Amino acid sequence: QVQLVESGGGLVQAGGSLRLSCAASGRTFISNSAMGWFRQAPGKEREFVAVISRNGGNTKYADSVEDRFTISRDNARITVLQMNGLKPEDTAIYYCAAGPFMTTDLGGYNYWGQGTQVTVSS
């Protein structure tokens, strides 16, 4: 059974930083999975934020977070989203997800965490 647990969310002022972590169980599966971060703001659909390949060698970002956010994999269990230069429009629940392929499509992910709230005040 694969479980994903996000942490690190909170309240921060505009221009500040947060570091989100996603801890995964099911080591064998996760080490063979691409890991993605998505977010969902109130009243909006869940959207792609960033994804990292199985071996950590490739990454892709949404245009809205390019050059501000960095996704990385510390090891087979932990995926990190470093968020700098936060803006009020980054306010959302952030979810990590695991899937067999590196994709920006929500449908490409088999497992999801419960989410962590990020709130950016102006």
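Within the set (1) 46, 24, 24; (2) 42, 26, 22; (3) 49, 25, 23, the number that Cα extents along the principal axes in Å takes when calculated for this structure is listed as (2). For the range 45-113, the Kirkwood hydrodynamic radius comes to 12.7 Å, computed from all pairs of different C-alpha atoms. In a fully extended conformation the segment linking GLN117 and GLU47 would gain 23.7 nm over its present Cα-Cα distance, using 0.36 nm per residue. Binning the C-alpha pair distances of the range 1-70 at 10 Å intervals from 0 yields a P(r) profile of 16, 46, 32, 6 %, listed from the shortest bin outward. Protein heavy-atom surface of the chain, 1.4 angstrom probe: 46% of the accessible area is carbon and sulfur, with nucleic acids and ligands not counted.
Near ALA41, once Lys and Arg are set to +1 and Asp and Glu to -1 for all other residues with Cβ below 11 Å from its Cβ, the sum equals -1. Each Lys and Arg Cβ is given +1 and each Asp and Glu Cβ -1; about its Cα centre, the chain then shows a dipole of about 340 debye.
Accessible area per residue for the chain, computed on protein heavy atoms with a 1.4 Å probe, is 50 Å².
Averaging sequence separations of C-alpha pairs under 8 Å and six or more residues apart, then dividing by the length of the chain, give the relative contact order as a whole percent. Each step should come with its number before you reach the end.
On the way: 312 pairs, mean separation 43.3, N = 122.
Over the chain, the number comes to 36 percent.
Mean residue ellipticity at 222 nm from the helices of the chain, using -39,500 (n - 2.57) per DSSP H segment of n ≥ 4 over the full residue count, to the nearest 500 deg cm²/dmol? Rounded to the nearest 500, the figure is -1000 deg cm²/dmol.
The values are calculated or read from the model by the stated rules, or taken from the named source; none is laboratory data. Everything quoted here is computed from the prediction, not taken from an experiment. Backbone-built Cβ (ideal geometry, glycine too); neighbour counts: all protein chains shown. These area figures cover heavy atoms from the full protein model, side chains too; ligands, DNA and RNA do not enter into them. Shrake-Rupley method; radii C 1.70, N 1.55, O 1.52, S 1.80 Å.
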